[in-house]
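Undergrad: Take this structure, written in structure tokens, and hold onto it; I'll ask about it next.
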Amino acid sequence: MSETISRRDFIKVTTSIVGGFIGVAIGVPAVYYLIDPALREGAKEAWIPIGKLENMEIGKPYAFSFTRVQVNGWERTSTSHGGFVIRNSDDPNDLFILNSRCTHLSCTVNWSENDQVYLCPCHDAKFGQQGEVLDGPPPRPLDRYNQFRITEDGTLEIFYQEG
Amino acid sequence: MWKNVFDWLDERLGLNDLYTNLLDRPEPKGNWWNTLGSASLFLFVLQGLTGIFLTVYYTPSPDHAYDSIQYIMNDVAFGWLIRGIHHWGASLMVLIVFIHMLRVFVTASYKYPREMTWFIGIGLLLTTIGMGFTGYLLPWNQRAYWATTVGTQIAGTVPFIGEFILKALRGGPDLSALTLQRFFSAHIWMIPAILTALIGVHLYLIIKHGESHFPKKDE
């Protein structure tokens, strides 16, 4: 390897090397910059505490609500969710949780103590204690939060999944 | 195999001619000061590329401009790098273009037959400064806002048509969403289009006339 390298070739080689280095040093970060949002994991699910079990009367719907904030870049959107906990007996796990979103057009239903039904304010739909459709346009019973757990200090938490 | 492909392409595209005329053309004996034009061109390309990447996240609206830049700087992977290069590259480009002009002046390279190259160079300096002026508003922070307020006011001191110029620059009597939007438009479309065209002619003229050499004593 005692060949002499011409001034011209030396310039070509060093230019290529330095140019290649600059290209990679900027090109690779640029690719990451572009695909960054695709590499993120959104908080699509979470355990949400909704209240102390001791505050929930047996047989009477316990209303709760919570807000989820979705952050997309510099934009924040918050959505409200809610529902009712109905305890059947003293057994802490003997309960079910209804989603208060009407299955018709997603209005929020309210518990009517007088009529013992869930009333939807939008189209007068009625749901029974178990969430079954009694009257009105809804195509199916109220949705339920099926996954829940009770923490050591007696707080009821539900598992929320987006969508 | 590759030679055949290359020869086929070369016959139709004239790649070797291109290479000879663009990169292998004879140069007079020069020094590092003669590289400033190439440096300006490199910076222009760099600014163009990083600028294109910035538009992926930047939003030219008063509601989101500042937040979107905060997002680029703090949350996007390498956002700080892309914007950092664009930010510092901008200052460097104005500086390099100006020193380039100074070199051409000092070595008297603007003389016959290169007068048009010089005039177009003046256009290039002005458009480069225009890029700096319009780009300065885009972060939409206090410094950007007040710098543009003052800058447009200065333009407004022109006799007779000053108020018209001020309104035309701001898109109204006040600095507003319209100002931000039109500065953005000027920054990424209008001025770059002019700049690109001028660079094209500038380079054509350099290749046509070759680079100027320092005069010898008997010349």
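Undergrad: Given a Förster radius of 41 Å and the C-beta distance between residue A:18 and residue B:167 as r, what FRET efficiency does 1/(1 + (r/R0)^6) yield to the nearest 0.05? Can you show the working numbers first?
TA: Values: r = 48 Å, r/R0 = 1.18.
According to the calculation, E is roughly 0.30.
Undergrad: What whole number of Å gives the distance from the Cα centroid of segment B:70-120 to the Cα centroid of segment A:125-161?
TA: First find each Cα centre; the distance between them is then 63 Å.
Undergrad: Which whole-number percentage describes the relative contact order of segment B:105-192, with Cα contacts under 8 Å and a sequence gap of 6 or more?
TA: 25 percent
Undergrad: Another question, if that's okay. Sum -39500 (n - 2.57) across every DSSP H segment of at least 4 residues in chain B, then divide by the residue count to get the 222 nm mean residue ellipticity, nearest 500.
TA: Only helices count here, giving -22500 deg cm²/dmol.
Undergrad: If the only charges are +1 at each Lys and Arg Cβ and -1 at each Asp and Glu Cβ, what is the size of the charge dipole of segment A:1-99 around the Cα centre, to the nearest 20 debye?
TA: 580 debye
Undergrad: Per 0.36 nm of contour for each residue apart, how much would the distance between residue A:94 and residue A:112 grow if the chain were fully extended, relative to their Cα-Cα spacing?
TA: Roughly 4.2 nm would be gained on extension.
Undergrad: For the cross-link pairs A:12/B:216; B:29/B:217; A:12/B:217; A:44/A:126; B:3/B:29, which exceed 26 Å when the distance is taken from alpha carbon to alpha carbon?
TA: A:12/B:216; A:12/B:217; A:44/A:126; B:3/B:29
Undergrad: Mind putting together the pair-distance distribution for the protein assembly as shown? All Cα pairs, 10 Å bins, whole percent per bin, short to long.
TA: Going out from 0 Å in 10 Å bins, the protein assembly as shown shows 4, 15, 17, 15, 14, 11, 9, 8, 5, 1, 0, 0 percent.
Undergrad: Using θ = phi - 60° and the Karplus curve 6.51 cos²θ - 1.76 cosθ + 1.60, what whole-Hz ³J(HN,Hα) does each residue of segment A:58-66 get, with Gly and Pro shown as x?
TA: Per residue, the Karplus-derived 3J(HN,Hα) values read 6, x, 10, x, 9, 7, 9, 8, 8 Hz.
Undergrad: Further question: Take every Cα pair under 8 Å in chain A that's 6+ residues apart, average their separations, divide by the length, and report that relative contact order as a whole percent.
TA: The value is 19 percent.
Undergrad: Now for a different question. Taking a temperature of 4 °C and a viscosity of 1.567 mPa s, what whole-number D in µm²/s does Stokes-Einstein yield for chain B with Rh from Kirkwood over alpha carbon pairs? All intermediate terms of the calculation are to be shown ahead of the outcome.
TA: Numbers: Rh = 20.0 Å.
In µm²/s, the coefficient is 65.
Undergrad: Taking the 0 to 90 degree range and rounding to the nearest ten, how far is the long axis of helix A:7-35 tilted relative to the main principal axis of chain A, both from C-alpha atoms?
TA: Once rounded, the angle reads 0 degrees.
Undergrad: Counting pairs of alpha carbon atoms under 8 Å apart in space and at least six apart in sequence, what relative contact order in percent does segment B:49-195 give?
TA: 25 percent
Values in this text are rule-based calculations from the coordinates and carry no lab data. Computed from a predicted structure; not experimentally measured. Cβ atoms come from the backbone with ideal geometry, glycine included; neighbour counts cover every protein chain shown.
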